[in-house]
Amino acid sequence: TLSKFVRNVTRLAGNSAATGSVTCNGAATYYAAGVLSKPTEVLEYFLKASVATGQPTLTAANLQDDVPAYTAYVAGTTTLNGTAVTETTPGTLPLSGAGMLVKSPGAVTAGEILPGETATVIFQVTVQ
């Protein structure tokens with residue numbers, strides 16, 4: 001299962017009309033829809049890819065996403081399971097283009113998501 005959520009980190013009131021909330025790592029709350037923003041504000045995206053318990057291990061899990069229209073990627077903000085991701089091209093979202101292999105926390109090999117586990121990716125953009 002793949003899900004994508006967002007939150008306004010600059011102005012928390014921008015999240016007041018949002019719906020479909022999920023909490024990441026017991027801390028930040030992200031939303032499926034309705035997050036409001038203005039130019040210069042920072043939005044943070046939270047993507048999670050998971051495999052249900054009892055299902056086979058997912059291999060070659062490649063996550064691809066593009067920077068949303070009217071935004072600019074904030075360099076150095078991408079994390080995978082809480083660990084910083086190296087940008088192949090400095091200043092470019094690692095998920096853009098061909099994407100990147102992701103893995104769940106218990107997996108050893110890039111591209112593996114183990115049953116009952118979730119790979120999480122977080123990145124930020126600035127609204128133009």
Residue 97 fails exactly one of (1) at pLDDT 95 or above; (2) open to solvent by 40 Å² or more (accessible area, probe 1.4 Å); (3) not hydrophobic (A, V, I, L, M, F, W, C), namely (1)
Within the range 105-128, which residues are more than 24 Å from residue 73 (Cα to Cα) and surrounded by 19 or more Cβ atoms within 10 Å (Cβ to Cβ)? 107, 112, 113, 114, 117
Pairs under 7 Å by beta carbon, first residue farther than 14 Å from residue 30 by Cβ in the range 1-17, partner in a helix (DSSP H, G or I) and open to solvent by less than 70 Å² (accessible area, probe 1.4 Å), six or more apart or different chains? none
Answer yes or no as to whether residue 30 is under 23 Å from residue 96 (Cβ atoms) and modelled with pLDDT under 95. yes
Look at the range 28-57 and say how many of its residues are surrounded by fewer than 19 Cβ atoms within 10 Å (Cβ to Cβ) and of a type in the set (Asp, Glu). 1
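Take the conditions more than 24 Å from residue 108 (Cβ to Cβ), at pLDDT 95 or above and of a type in the set (Val, Ile, Thr) and apply them to residue 59. Does it pass? Don't jump to the end; show me each part of the working.
Numbers: more than 24 Å from residue 108 (Cβ to Cβ): no; at pLDDT 95 or above: yes; of a type in the set (Val, Ile, Thr): yes.
When the stated conditions are applied, residue 59 does not pass them.
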Does residue 84 satisfy the condition of being open to solvent by 60 Å² or more (accessible area, probe 1.4 Å), modelled with pLDDT of 95 or more and either in contact with a Cys (Cβ under 6 Å, 6 or more places away or on another chain) or among the small types (Gly, Ala, Ser) (or both)? yes
With the requirement that a residue be assigned to a loop (DSSP other than H, G, I, E, B), touching a Ser or Thr at 6+ places or on another chain (Cβ under 8 Å) and under 21 Å from residue 127 (Cα atoms), what does the range 1-14 give you? 10, 11
Given (1) open to solvent by 60 Å² or more (accessible area, probe 1.4 Å); (2) on the phi > 0 side of the Ramachandran plot, where does residue 91 come up short, assuming only one miss? (1)
The range 26-65, subset within 18 Å of the chain's Cα centre (by Cα) and of a type in the set (Val, Ile, Thr), residue nearest to residue 76 (Cα to Cα): 42
Give me a count of the residues in the range 68-121 that are acidic (Asp, Glu) and touching a residue at least 60 places away in the same chain (Cβ under 8 Å). 1
Selection from the range 58-70 of residues surrounded by fewer than 18 Cβ atoms within 10 Å (Cβ to Cβ) and either hydroxyl-bearing (Ser, Thr, Tyr) or more than 19 Å from residue 97 (Cβ to Cβ) (or both) yields 59, 70
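The values are calculated or read from the model by the stated rules, or taken from the named source; none is laboratory data. Quick caveat: nothing in here was measured; it's all calculated off a predicted structure. Using ideal geometry, Cβ is built from the backbone for each residue, glycine included, and neighbour counts are taken over all protein chains shown. Protein only, heavy atoms only, side chains kept; ligands, DNA and RNA dropped before computing areas. Shrake-Rupley method; radii C 1.70, N 1.55, O 1.52, S 1.80 Å.
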